[in-house]
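J.: Structure incoming, see below.
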Amino acid sequence: MLLATSMVPGIVLKVLICIIIFLIGITVFSFLNVVSERMTKEGSEKIYEGRSKCPHCGHDYKISESIPIFSWLYNRRKCPYCFERISMRGTVVEGLGGVLAVGIVAHYGIGFASLTLFFVAVVLVVITLIDMDTQTIPPVLNVILGGLGLISIFTFPGPTVMERLIGFFCISVPMFLIVLLIPDGFGGGDIKMMAASGIFLGWKGNVAAFLIGLLIGGAYGVWLLLSKKKGRKEHFAFGPCLSIGIFVSAYGGFGAFVVNQYLYMIQTIMAG
C-alpha cells in the first residue's frame, strides 16, 4: 500500500508534464498554421504580425477566441461573428502538434535531441501545408531543414558525418537525373528537400524516408485516380508524403534500423 501511494505523485507529475508539453505543441502548431496560410497568400500582410482572422468575414479574433482547439470546439466549429463554418484543418494541425510534441519527449526525454526533432517536425508541417495549397516548397524551408541537419550533428544521435554527406546526394542526385529524363518526374523543391533531409538522416535514413514517401504517394495517387479527383496526367503535392517519410524514418532511428536489417538479410543470404 505504501509503495502504491508513493508512486502516485510521480504519475501525477508525468501527467502534468505531458499536458504542458501537449499545450506547447498545439500552441506552436497553431501559429504555424497561421504562418503557412499567410505565406500562400499575396498581399502586404506580414507573416508574423496581426491576429488570427476569420477566413470568411475577415474579423480579427480576440485572444480568448484564438485558443488552439478549445475555441474551435467552444464556438461549435463556427466563426463567433459571421457564424460561417470554420474548416477543421487548423484544429487537426494543432492536435497533431500536441501529439508529436508528447511523442517526441516520451521517446527522447527533455533535451536537445527532442528539441531538434521537434523543430524538424515544425519545418515538415509548414512544408506540408504550403505544398498542399500551392504545390510548391519555399526554398527557405529547405535551407532551414538543412541547417537543422547540420545542428543535429551535435544534438541528435544517429549517423556519422560521412553518412550525412552521402545522404545529401544519395536520393537528390537520382531524383535530379530522373527529372532530366522525365521533366515532370519530381519538383525542384522535392529534390532539394531530400538533399536537406539527407544531412539530418544520413544515407540509410534518407533512403528509407524516400521509400516510405513513395509508398504513401503511390497509395494516395491511386486513391485520387479511383475517386476521379485527379487525372492520369495531373500532378499532386509530393512534399507531404516525403515529410511523413522523413519524420517516420527519423523517429527512433526507424529508417536506419530497417535498412540495416535489410542489408543484414542480404549479407546472410549471400553468405549462405
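J.: Relative contact order, percent, of the chain when contacts are C-alpha pairs under 8 Å separated by at least 6 residues?
T.: Reported as a whole number, the value is 16 percent.
J.: Tell me which cysteines of the chain come out unpaired when the rule is another cysteine's Cβ under 4.7 Å.
T.: Those would be Cys18, Cys170, Cys241, since no other cysteine Cβ in the chain comes under 4.7 Å of theirs.
J.: Continuing with this model, one more query. From the Cα trace of the range 61-182, what convex hull volume per residue do you get, rounded to a whole Å³? Spell out each step's value before the answer.
T.: Numbers: hull volume 18.1 nm³, N = 122.
Normalising the Cα hull of the range 61-182 by residue number yields 149 Å³.
J.: What does the extension gain come out to for Met265 and Cys82, with contour length at 0.36 nm per residue minus their alpha carbon separation?
T.: On the way: separation 183, 0.36 × 183 = 65.88 nm, distance 6.10 nm.
Using 0.36 nm per residue and subtracting the Cα-Cα distance, I get 59.8 nm.
J.: Pop out the carbon and sulfur fraction of the accessible area of the chain as a percent, whole number, probe 1.4 Å.
T.: Carbon and sulfur together cover 71 percent of it.
J.: Same structure again: How many Å³ per residue does the convex hull of the Cα positions in the range 77-137 occupy?
T.: Cα-based convex hull of the range 77-137, divided per residue, equals 101 Å³.
J.: Another question, then. May I ask you to derive the relative contact order of the range 103-177, considering only C-alpha pairs under 8 Å and at least 6 residues apart, and to give it as an integer percent?
T.: Relative CO of the range 103-177 lands at 32 percent.
J.: When the helices in the chain are scored as -39500 (n - 2.57) per DSSP H run of 4 or longer and the sum is shared across all residues, what 222 nm value do you end up with, to the nearest 500 deg cm²/dmol?
T.: Value at 222 nm, helices only: -24000 deg cm²/dmol.
J.: Given q = 0.16, 0.18, 0.19, 0.21 Å⁻¹, what are the Debye log10 I(q)/I(0) values for the range 154-238, with equal point scatterers placed on the Cα positions and solvent ignored?
T.: -0.67, -0.79, -0.85, -0.96
J.: I need the phi-derived Karplus couplings for the range 79-89: 6.51 cos²θ - 1.76 cosθ + 1.60, θ = phi - 60°, integer Hz, Gly and Pro marked x.
T.: These are the phi-based 3J(HN,Hα) values: 5, x, 10, 9, 6, 6, 5, 9, 4, 7, 4 Hz.
J.: What FRET efficiency comes out for the pair Leu73/Val15, r = Cβ-Cβ distance, R0 = 22 Å, nearest 0.05? If you can, show how the numbers build up before the last one.
T.: Working: r = 21 Å, r/R0 = 0.97.
After rounding, the FRET efficiency stands at 0.55.
J.: So, for the chain, what is the accessible surface per residue at a probe of 1.4 Å, expressed in square angstrom? Don't jump to the answer; show the numbers that get you there.
T.: Working: 16280 Å² over 272 residues.
Ligands and nucleic acids excluded, the result is 60 Å² per residue.
J.: What is the extension gain from Leu165 to Leu224, computed as 0.36 nm multiplied by their sequence separation minus the C-alpha to C-alpha distance, in nm to one decimal?
T.: 17.6 nm
J.: Give me P(r) over the chain, computed from all C-alpha to C-alpha distances, binned every 10 Å, as integer percentages.
T.: Answer for the chain: a P(r) of 6, 24, 30, 24, 11, 3, 1, 0 percent.
J.: Dipole of the range 120-246, Cα-centred, from +1 at each Lys and Arg C-beta and -1 at each Asp and Glu C-beta, to the nearest 20 debye?
T.: 260 debye
The values are calculated or read from the model by the stated rules, or taken from the named source; none is laboratory data. Note that this is a predicted model, so its numbers are computed, not measured. Methodologically, a virtual Cβ is constructed for each residue, glycine included, from the backbone with ideal geometry; neighbour enumeration extends over all protein chains shown. For the accessible areas, the whole protein counts, side chains as well, though only heavy atoms, and no ligand, DNA or RNA atoms are used. Shrake-Rupley method; radii C 1.70, N 1.55, O 1.52, S 1.80 Å.
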